[in-house]
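Structure first, commentary second.
The values are calculated or read from the model by the stated rules, or taken from the named source; none is laboratory data. Everything numeric in this text was worked out from a predicted model, so none of it was measured. In this analysis, Cβ positions are derived from the backbone assuming ideal geometry, glycine residues included, and neighbour counts consider all displayed protein chains.
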Amino acid sequence: MPKLHLEIPHTLPQNEAQDRLERFAESLHGRFGDQAKDVTQSWTDNVLSFGFKTFGMRIDGKIGVEPDKLVVSGDLPIAAMMFKGKIESEIQQQLERLVRV
């Protein structure tokens, strides 16, 4: 499976970045509920584990909230390989907006 890895720097206090990420994850289901099915999310310390199914493909990953950056990692299905750049770009843009001061 192709790997997904992004690092998004931030200057927020770590707890503020985590709070924003939690609210953001909840809002995504409302915005993309018709495109994302079987959405799961859970927190372990400062790591958000997420998963969803879209266009028949399951995508799972984690977002770690570190003191100076968000670290996104996950696996993409082989069928999504041709969209990897677009997926990474969209995630990066959304998270950069999220941590903007």
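Checking each residue in the stretch 86-101 for being under 25 Å from Gln14 (Cβ atoms), modelled with pLDDT under 90 and charged (D, E, K, R) picks out Glu88, Glu90. Return yes when Lys69 is charged (D, E, K, R), at negative phi and in contact with a strand residue (DSSP E or B) (Cβ under 6 Å, 6 or more places away or on another chain) and no when it is not. Criteria met by Lys69.
Scanning the stretch 46-74 for residues that are in contact with a Pro (Cβ under 7 Å, 6 or more places away or on another chain) and among the acidic types (Asp, Glu) turns up just one, Asp68. Residues of the stretch 44-74 being touching a residue at least 40 places away in the same chain (Cβ under 8 Å) and surrounded by 14 or more Cβ atoms within 10 Å (Cβ to Cβ), which ones? Gly61, Ile63, Val65, Glu66, Lys69, Leu70, Val71, Val72, Ser73, Gly74, listed by residue number.
Identify the residue in the stretch 86-101 that is touching a residue at least 40 places away in the same chain (Cβ under 8 Å) and within 12 Å of the chain's Cα centre (by Cα) and, among all such residues, is surrounded by the fewest Cβ atoms within 10 Å (Cβ to Cβ). Selected residue: Gln94.
Would you please name the residue that is surrounded by the fewest Cβ atoms within 10 Å (Cβ to Cβ), looking only at residues in the stretch 75-85 that are of a type in the set (A, V, I, L, M) and farther than 28 Å from Gln14 by Cα? Explain how you work it out, then say what you get.
Pass one, the stretch 75-85, residues of a type in the set (A, V, I, L, M): 76, 78-82.
Then drop every residue that is not farther than 28 Å from Gln14 by Cα, which leaves 78-82.
Values: Ile78: 10, Ala79: 10, Ala80: 19, Met81: 12, Met82: 8.
Restricting to residues being of a type in the set (A, V, I, L, M) and farther than 28 Å from Gln14 by Cα, the top hit is Met82.
The single condition among (1) surrounded by 13 or more Cβ atoms within 10 Å (Cβ to Cβ); (2) closer than 18 Å to Leu95 by Cα; (3) of a type in the set (Ser, Thr, Tyr) that Thr11 does not satisfy is (1). For the stretch 60-83, indicate whether the set of residues that are within 19 Å of Phe24 (Cβ to Cβ) and of a type in the set (Phe, Trp, Tyr) is non-empty. No. Here Leu12 does not fit the description of being at pLDDT 85 or above, under 30 Å from Val101 (Cβ atoms) and either under 15 Å from the mean Cα position of the chain (by Cα) or of a type in the set (Lys, Arg) (or both).
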